[in-house]
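**Q** One structure, pasted below without further comment.
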Amino acid sequence: MLVEPFDDLFDDQPPKRPATAARDFEVVPEGRTDLEVVAAKIGQVPWRVSDANPSGTSLQLRLSAGRRSQFVFFDVALDRLPLLRAVAAALGLEPGADGNLTIDRPDELVGRRVRVEIGHFQNRDGQTKAAVRRWLPMRDKAKAKLSAPPAPPKRSRNAVRPAGDDEIPF
(Lines give C-alpha, C1' and ligand atoms only; values in the text may rest on other atoms or scores of the structure.)
Protein backbone atom coordinates (compact mmCIF):
# COMPACT_ATOMS: atom_id res chain seq x y z
CA MET A 1 0.00 0.00 0.00
CA LEU A 2 1.39 3.36 -1.09
CA VAL A 3 0.83 6.24 1.33
CA GLU A 4 1.56 9.81 0.31
CA PRO A 5 2.85 12.33 2.83
CA PHE A 6 0.10 14.48 4.34
CA ASP A 7 1.72 17.82 3.45
CA ASP A 8 1.94 17.08 -0.27
CA LEU A 9 -1.83 16.96 -0.65
CA PHE A 10 -2.28 20.69 -0.10
CA ASP A 11 0.66 22.18 -2.02
CA ASP A 12 -1.07 22.39 -5.40
CA GLN A 13 -4.40 23.76 -4.15
CA PRO A 14 -5.02 27.51 -4.08
CA PRO A 15 -5.74 29.00 -0.65
CA LYS A 16 -9.41 29.12 0.26
CA ARG A 17 -11.16 32.45 0.53
CA PRO A 18 -13.13 33.30 3.64
CA ALA A 19 -16.90 32.70 3.47
CA THR A 20 -17.60 36.42 3.86
CA ALA A 21 -15.77 39.23 2.16
CA ALA A 22 -13.30 41.03 4.40
CA ARG A 23 -14.37 44.57 5.08
CA ASP A 24 -11.69 47.11 5.82
CA PHE A 25 -13.22 50.02 7.66
CA GLU A 26 -11.26 53.17 8.31
CA VAL A 27 -10.72 54.44 11.83
CA VAL A 28 -12.38 57.81 12.42
CA PRO A 29 -9.53 60.38 12.32
CA GLU A 30 -8.35 62.11 15.49
CA GLY A 31 -9.55 65.63 16.21
CA ARG A 32 -12.90 67.38 16.04
CA THR A 33 -15.45 65.76 13.78
CA ASP A 34 -19.19 65.47 13.20
CA LEU A 35 -20.74 62.07 13.81
CA GLU A 36 -24.27 60.72 13.44
CA VAL A 37 -26.08 58.71 16.10
CA VAL A 38 -27.07 55.44 14.38
CA ALA A 39 -28.25 53.56 17.49
CA ALA A 40 -29.22 54.57 21.01
CA LYS A 41 -30.66 52.66 23.92
CA ILE A 42 -30.70 52.57 27.70
CA GLY A 43 -29.46 49.28 29.06
CA GLN A 44 -27.32 47.63 31.68
CA VAL A 45 -23.57 47.57 31.15
CA PRO A 46 -21.64 45.31 33.57
CA TRP A 47 -18.49 47.45 33.68
CA ARG A 48 -20.51 50.57 34.61
CA VAL A 49 -21.69 49.10 37.94
CA SER A 50 -20.88 51.30 40.93
CA ASP A 51 -22.22 52.04 44.40
CA ALA A 52 -24.34 54.88 43.00
CA ASN A 53 -25.51 52.74 40.04
CA PRO A 54 -25.69 49.10 41.25
CA SER A 55 -27.40 47.86 38.06
CA GLY A 56 -24.99 49.63 35.68
CA THR A 57 -27.81 51.37 33.78
CA SER A 58 -26.26 53.44 30.98
CA LEU A 59 -27.06 55.38 27.86
CA GLN A 60 -25.46 53.39 25.04
CA LEU A 61 -24.70 55.25 21.80
CA ARG A 62 -23.30 54.01 18.50
CA LEU A 63 -21.87 56.81 16.36
CA SER A 64 -20.87 56.77 12.70
CA ALA A 65 -18.79 59.07 10.51
CA GLY A 66 -19.87 57.45 7.25
CA ARG A 67 -20.20 54.20 5.35
CA ARG A 68 -16.50 53.31 5.21
CA SER A 69 -15.58 54.15 8.79
CA GLN A 70 -15.76 52.11 11.97
CA PHE A 71 -18.45 52.76 14.53
CA VAL A 72 -17.56 54.68 17.66
CA PHE A 73 -19.22 53.21 20.75
CA PHE A 74 -19.94 55.30 23.84
CA ASP A 75 -21.60 54.29 27.10
CA VAL A 76 -22.32 56.77 29.87
CA ALA A 77 -23.69 55.65 33.22
CA LEU A 78 -26.84 57.52 34.21
CA ASP A 79 -25.29 58.47 37.58
CA ARG A 80 -22.44 60.46 35.94
CA LEU A 81 -24.38 63.70 35.66
CA PRO A 82 -21.65 66.10 34.40
CA LEU A 83 -20.78 63.78 31.51
CA LEU A 84 -24.46 63.09 30.83
CA ARG A 85 -25.13 66.84 30.65
CA ALA A 86 -22.24 67.28 28.17
CA VAL A 87 -23.66 64.49 25.98
CA ALA A 88 -27.14 66.07 26.19
CA ALA A 89 -25.77 69.50 25.20
CA ALA A 90 -24.01 67.94 22.20
CA LEU A 91 -27.26 66.20 21.20
CA GLY A 92 -29.29 69.40 21.60
CA LEU A 93 -31.35 68.14 24.55
CA GLU A 94 -32.57 70.68 27.05
CA PRO A 95 -33.10 69.95 30.76
CA GLY A 96 -36.66 70.08 32.03
CA ALA A 97 -38.21 72.92 34.05
CA ASP A 98 -36.95 71.32 37.28
CA GLY A 99 -33.37 71.27 35.90
CA ASN A 100 -33.25 67.49 35.60
CA LEU A 101 -32.37 65.75 32.37
CA THR A 102 -34.55 62.80 31.43
CA ILE A 103 -34.12 60.61 28.39
CA ASP A 104 -37.40 58.76 28.05
CA ARG A 105 -37.08 57.67 24.42
CA PRO A 106 -33.47 57.11 23.39
CA ASP A 107 -34.59 55.94 19.93
CA GLU A 108 -35.47 59.60 19.18
CA LEU A 109 -31.74 60.39 19.30
CA VAL A 110 -31.08 58.29 16.19
CA GLY A 111 -30.25 60.46 13.20
CA ARG A 112 -28.96 63.43 15.19
CA ARG A 113 -25.53 64.81 14.39
CA VAL A 114 -23.07 65.57 17.16
CA ARG A 115 -19.72 67.33 17.23
CA VAL A 116 -17.09 65.49 19.25
CA GLU A 117 -13.35 65.35 19.74
CA ILE A 118 -11.95 61.92 18.83
CA GLY A 119 -8.84 60.26 20.23
CA HIS A 120 -7.22 56.95 19.31
CA PHE A 121 -6.19 54.04 21.52
CA GLN A 122 -4.94 50.52 20.97
CA ASN A 123 -7.01 47.68 22.34
CA ARG A 124 -5.60 44.42 23.70
CA ASP A 125 -5.21 42.75 20.32
CA GLY A 126 -3.29 45.70 18.86
CA GLN A 127 -6.04 47.27 16.76
CA THR A 128 -6.36 51.05 16.73
CA LYS A 129 -9.83 52.23 17.73
CA ALA A 130 -11.45 55.63 18.02
CA ALA A 131 -12.99 56.91 21.25
CA VAL A 132 -14.83 60.10 22.19
CA ARG A 133 -12.54 62.35 24.23
CA ARG A 134 -14.87 65.28 24.58
CA TRP A 135 -18.45 66.21 23.65
CA LEU A 136 -18.76 69.67 22.12
CA PRO A 137 -22.01 71.61 22.64
CA MET A 138 -24.34 71.94 19.68
CA ARG A 139 -24.14 75.21 17.78
CA ASP A 140 -27.13 77.57 17.65
CA LYS A 141 -27.68 76.92 13.91
CA ALA A 142 -27.91 73.18 14.51
CA LYS A 143 -30.39 73.73 17.38
CA ALA A 144 -32.56 75.81 15.07
CA LYS A 145 -32.53 73.02 12.48
CA LEU A 146 -33.75 70.53 15.09
CA SER A 147 -36.69 72.69 16.12
CA ALA A 148 -37.75 73.93 12.66
CA PRO A 149 -39.70 71.73 10.24
CA PRO A 150 -37.83 70.83 7.06
CA ALA A 151 -38.16 73.36 4.27
CA PRO A 152 -39.73 72.24 0.99
CA PRO A 153 -37.22 71.75 -1.82
CA LYS A 154 -36.56 74.85 -3.88
CA ARG A 155 -37.22 74.82 -7.61
CA SER A 156 -35.88 77.27 -10.09
CA ARG A 157 -38.36 79.28 -12.15
CA ASN A 158 -36.31 78.48 -15.22
CA ALA A 159 -36.29 74.73 -14.67
CA VAL A 160 -37.53 72.71 -17.59
CA ARG A 161 -40.62 70.71 -16.71
CA PRO A 162 -40.71 67.10 -17.86
CA ALA A 163 -43.09 66.80 -20.81
CA GLY A 164 -43.16 63.12 -21.66
CA ASP A 165 -40.95 60.23 -22.61
CA ASP A 166 -38.80 61.98 -25.20
CA GLU A 167 -35.83 64.21 -24.49
CA ILE A 168 -37.17 67.21 -26.35
CA PRO A 169 -38.05 69.95 -23.82
CA PHE A 170 -40.99 71.45 -25.78
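**Q** Cβ-Cβ distance below 7 Å, separation of 6 or more or different chains: which pairs start in the range 101-117 with a residue that is without any contact (Cβ under 8 Å) to a residue 40 or more places away in the chain and end on one that is assigned to a loop (DSSP other than H, G, I, E, B)?
**A** From residues that are without any contact (Cβ under 8 Å) to a residue 40 or more places away in the chain, the pairs are Leu101/Leu93; Leu101/Pro95; Thr102/Gly96.
**Q** Pick out the one residue from Val28, Val37 that is outside any strand (DSSP E or B) and modelled with pLDDT of 90 or more.
**A** Result of the check over Val28, Val37: Val28.
**Q** Considering each residue of the range 49-84, count those that are more than 17 Å from the chain's Cα centre (by Cα), surrounded by 17 or more Cβ atoms within 10 Å (Cβ to Cβ) and small (Gly, Ala, Ser), and give that number.
**A** 2
**Q** Considering (1) over 17 Å from Arg32 (Cβ atoms); (2) in a loop (DSSP other than H, G, I, E, B), say which one Pro82 fails and leave the rest.
**A** Going through (1) over 17 Å from Arg32 (Cβ atoms); (2) in a loop (DSSP other than H, G, I, E, B) one by one, Pro82 breaks only (2).
**Q** Going through the range 85-117 one residue at a time, which ones are in a helix (DSSP H, G or I) and surrounded by 19 or more Cβ atoms within 10 Å (Cβ to Cβ)?
**A** If the condition is that a residue be in a helix (DSSP H, G or I) and surrounded by 19 or more Cβ atoms within 10 Å (Cβ to Cβ), then Val87, Ala88, Ala90, Leu91, Leu109 are the ones that fit.
The values are calculated or read from the model by the stated rules, or taken from the named source; none is laboratory data. Values in this document were obtained by computation on a predicted structure and should not be read as measured data. For neighbour counting, all protein chains shown are included, and Cβ atoms are generated from backbone atoms with ideal geometry for every residue, glycine included.
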